[in-house]
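Reviewing the structure listed below.
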């Protein structure tokens, strides 16, 4: 899908392009390619003279492969945008190309974005730019606002993690008797939040590297440079929050595992007490099961109930003693 975004009265307007002729009717500041077809890529190459790299969606780690400037002045930036889907949290890989000297531009350059699926930051920015006039002035503003919106989205997701961990804390710490079912449910929730927290931390790192590259490339004016520095300060605050959440998650996980161990120890203790209590009856049964010919009680008509009563008494006496000592609690 190919969408172009133009500025009108200080607002961003979106148009879906279905042919090369339609593309030539607009002078956009942002061209967004979501799951682009080879034909759509050909339109971009033919009209803008832009060549989209075949490895645009690869997850390169080296900074030189993710942030670089071509000889013709094009800036290439590859970043990750958070998708906080509860069932499938992930990073949406996006390749940006900033062309500041294209003749087809309005005069402020064109931002090209290539990605396989839409990220929440993209939808939020489009909605804001339609409703808030003068939010965006040029292609560089679009890129900065995308990273800023993704930072806000990460912060909102961190707040949701806080809420989920508060619920887990109440389940674990509000009651001394935590069952195994509750503990397993809490552990599953904690593991999900830990995974999401780690993804946010990685997303913050990617955003910081991208914004730092934009500042080093000297493509930003003074106002945009100050905005980029503010984004970096917000990212630093998110870093401290993720560190705090990692500590809280580890504490809750240790507490939950501790309750599971306590429950297991209770079960093992009951089996241990039962085995000790059954030793005297087993000894008595073994003695009267030897079947020697000359045993005093062998011909006694009360010998059988006597042996049974003795075994019951020898079992109840240890149980009474263990209960008195509090070992059965």
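The values are calculated or read from the model by the stated rules, or taken from the named source; none is laboratory data. Given the structure is predicted, the values throughout are model-derived calculations rather than measurements. Every residue, glycine among them, receives a Cβ derived from its backbone with ideal geometry; neighbour counts consider all protein chains shown.
Which one is farthest from residue 67 (Cα to Cα), of the residues in the stretch 89-116 that are assigned to a loop (DSSP other than H, G, I, E, B) and at pLDDT 85 or above?
The selected residue is 89.
Residue by residue, here is whether (1) modelled with pLDDT under 90; (2) under 22 Å from residue 258 (Cβ atoms); (3) surrounded by fewer than 17 Cβ atoms within 10 Å (Cβ to Cβ) holds:
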| site | (1), (2), (3) |
| --- | --- |
| 154 | no, no, no |
| 180 | yes, yes, yes |
| 186 | yes, yes, no |
| 206 | yes, no, no |
| 217 | yes, no, yes |
| 221 | yes, no, yes |
| 230 | no, no, yes |
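Looking at 208, 233 in this structure, which one is without any contact (Cβ under 8 Å) to a residue 12 or more places away in the chain and closer than 27 Å to residue 136 by Cα?
Residue meeting the stated conditions: 233.
For residues that are out of contact with any helix residue (DSSP H, G or I) (no Cβ under 8 Å at 6 or more places or on another chain) and over 24 Å from residue 41 (Cβ atoms), scanning just the stretch 117-137, find the one that is modelled with the highest pLDDT.
The selected residue is 127.
Can you tell me which of (1) out of contact with any helix residue (DSSP H, G or I) (no Cβ under 8 Å at 6 or more places or on another chain); (2) touching a residue at least 60 places away in the same chain (Cβ under 8 Å) is the one residue 177 doesn't meet?
Just one mismatch for residue 177, condition (2).
Determine if the stretch 298-321 includes at least one residue that is in a loop (DSSP other than H, G, I, E, B) and under 29 Å from residue 263 (Cβ atoms).
no
Is it fair to say residue 224 is in contact (Cβ under 8 Å) with a residue 60 or more places away in the chain and in a helix (DSSP H, G or I)?
Yes, satisfied.
Applying the selection to the stretch 35-53, what residues are buried (at least 18 other Cβ atoms within 10 Å of the Cβ) and under 31 Å from the mean Cα position of the chain (by Cα)?
Correct list: 36 only.
Could you check the stretch 188-200 and list, in sequence order, the residues that are farther than 12 Å from residue 249 by Cβ and surrounded by 14 or more Cβ atoms within 10 Å (Cβ to Cβ)?
If the condition is that a residue be farther than 12 Å from residue 249 by Cβ and surrounded by 14 or more Cβ atoms within 10 Å (Cβ to Cβ), then 199, 200 are the ones that fit.
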